[in-house]
Amino acid sequence: MNYKEKIHFEIIVVGAGLSGIMLVWEILKNEQIKHTEILLIDKHQQEEAPRTWCFWDRGQSSFDKIITKSWRQAEMFASSSQIQIDMHPYQYKMMRSEHFFEYTLPYIQAQPTIQFRKAAVLDLLDDGNKVTVITDNGTYTANMVFDSRFPKETLENYNGTILYQQFTGWFVRTNNPSFDEHNLRLMDFRMLQDQKVAFCYLLPLSPKEALIEYTIFTDTLQPVEALEKGIEAYISQHYPDSPMHISSKEYGVIPMANFPAEKRSERIIPIGTAGGCTKASSGYTFSFVQQHTLHIIASLVANKIPEPYTSFIPRRFAFYDKVLLRVLKKHPEKGNEILFRLFKRNKTEAVISFLHNRSTIREELSIFTKLPVLLFLKAAITEWRNNEKNVRQMKQKEKYDLSV
Ligand SMILES: Cc1cc2nc3c(=O)[nH]c(=O)nc-3n(C[C@H](O)[C@H](O)[C@H](O)COP(=O)(O)OP(=O)(O)OC[C@H]3O[C@@H](n4cnc5c(N)ncnc54)[C@H](O)[C@@H]3O)c2cc1C
């Protein structure tokens, strides 16, 4: 049979974005499973606008070759104070999505075991032995499916706290040296905190080049023009003598919510943002996709069905995220103080571990005591009660389902 006409595969990956491509890349790099027959299906195939992915990393990774820049030092600004952060042993790394795809795709596409199809996946059906993938351009089957389609309906039906991280970024160039290229600006809160958390984030690429992003955490999406005004105001306030040439722009919205990201069935495993890899309280995703990919590879090598990301992370981290989101939604005017204090009063290494769901309970207790305790306690009690209520409702539903 012509390989192009093949319709059954060992694995089908839905979505050739960050998580789909990273998964296929790591399978191909693993001696024991590199011959797995895989079909990658994407409705766009890299037609989306390029993104800049940043993440903390404490070691080396196979993607270091395509890192645009990395930093060991960072600064943060509140309305009247400033802190300098030494991120050692971590580095903050920046990668452009187009470099990631240019680096991985030619190798992936050259492998005889990998097929690509441009199609929109409409449905996935697991019959207990195989999964049928229905697309607008053919039907395929696989032993296992990894699905990175964003679960819009799950988010719409989610009754927990949701905020949106909305941002616009400008790549700028100046005539005069204006930036300290060794010191990134993680969060600069020197702006009006009105019904939302607002800050600028500045990644200096050279003394004359930077990516400046204006970011808000909001429960109501703002028009893009409002974000553009925010970035313009920031630049004219802090760089009045450095006319800036904009070379490109980036725009994004990341939902911040602990929406459920469980398996739809034994053989359909959600990955990427769809698989719970976007940290609800920060929007960071890249490192969690890396962590999940490693878990999937280890499971495939051991001939086991992989679990979604959320099922092997201690549950307390999801609870912390819910509590922080609740506080930020209820008291957006306090967000700047909370996030600034988080870094100011704690060891940076412990904070970064905490942000990666890797801290110890001891480190977490130490962090919590340095935050506004009452505010967090109240939110924690509400979240705990909500959780109890949800568990009760689920048990009642199970009882009802069994009785009919
Ligand atoms: C502008 C922007 C900047 C970001 N910056 C950072 C950052 O600095 N650090 C960080 O950690 N995270 C960041 N994120 C969050 C996160 O890293 C990215 O959203 C990341 O791309 C998520 O990976 P993914 O695989 O889940 O989704 P995607 O990369 O979006 O891939 C999903 C793929 O599925 C395809 N698809 C969707 N529906 C279908 C369908 N029905 N059929 C077939 N294919 C389908 C899409 O075409 C897409 O290619 C950013 C997000 C945005 C939007």
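Each value in this text was obtained by applying a stated rule to the coordinates, not by laboratory testing. Quick caveat, the model's predicted, so the values are computed rather than measured. Note: ideal-geometry Cβ built from the backbone for every residue, glycine included; neighbour counts use all protein chains shown.
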For the chain: relative contact order, % (alpha-carbon pairs under 8 angstrom, 6 or more apart): 16
Lys, Arg +1 and Asp, Glu -1 on Cβ, resulting dipole of region 315-394 about Cα centre, debye, nearest 20: 160
Charge context of Thr168, other residues only, Cβ under 12 angstrom, K/R +1, D/E -1: -3
Candidates Gln32, Gln290, Gln115, ranked by Gaussian network fluctuation over the chain, Cα under 10 Å, top entry: Gln32
Where only alpha carbons of region 160-240 are counted, the Rg and the Dmax (Å): 13.3, 48
Prolate/oblate/rounded label for region 106-228 (Cα gyration tensor, a/c 1.5): oblate
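First check a/c for region 247-404, with a ≥ b ≥ c the square roots of the eigenvalues of its C-alpha gyration tensor; if it is under 1.5, answer rounded, and if not, answer prolate when a/b is larger than b/c or oblate otherwise. Let's see the in-between values first.
Working: a/c = 1.75, a/b = 1.23, b/c = 1.42.
Since a/c reaches 1.5 but b/c is at least a/b, the shape of region 247-404 is classed as oblate.
With a 10 Å Cβ neighbour count serving as the proxy for reagent exposure, in which order, fewest first, do Val145, Val197 appear? Write down the numbers at each step before the final one.
On the way: Val145 29, Val197 23.
In order of increasing Cβ crowding within 10 Å: Val197, Val145.
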Normalised alpha carbon radius of gyration of region 315-394 [divisor 2.2 N^0.38 Å]: 1.13
Hydrodynamic radius by Kirkwood, which averages 1/r over all alpha carbon pairs of the chain, in angstrom: 22.9
The chain, helix-only ellipticity at 222 nm - DSSP H runs n ≥ 4, -39,500 (n - 2.57), divided by all residues, nearest 500: -10500 deg cm²/dmol
Listed residue pairs exceeding 28 Å between alpha carbons, taken from Lys330/Lys370; Lys196/Lys322; Lys196/Lys370; Lys304/Lys389: Lys304/Lys389
Spin-label proximity, Tyr107 to region 64-80 - amide N less than 18 Å from point 7 Å beyond Cα toward beta carbon: 64-68
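In region 81-159, what is the volume of the convex hull around the alpha carbon atoms, normalised per residue and reported in Å³? Intermediate results must be reported in sequence, preceding the final value.
Working: hull volume 20.2 nm³, N = 79.
Spelled out: Cα convex hull of region 81-159, divided by residues, is 256 Å³.
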Cross-link reach list, lysines versus Lys65, counting only Cα pairs under 19 Å and skipping chain neighbours closer than eight places: Lys29, Lys93
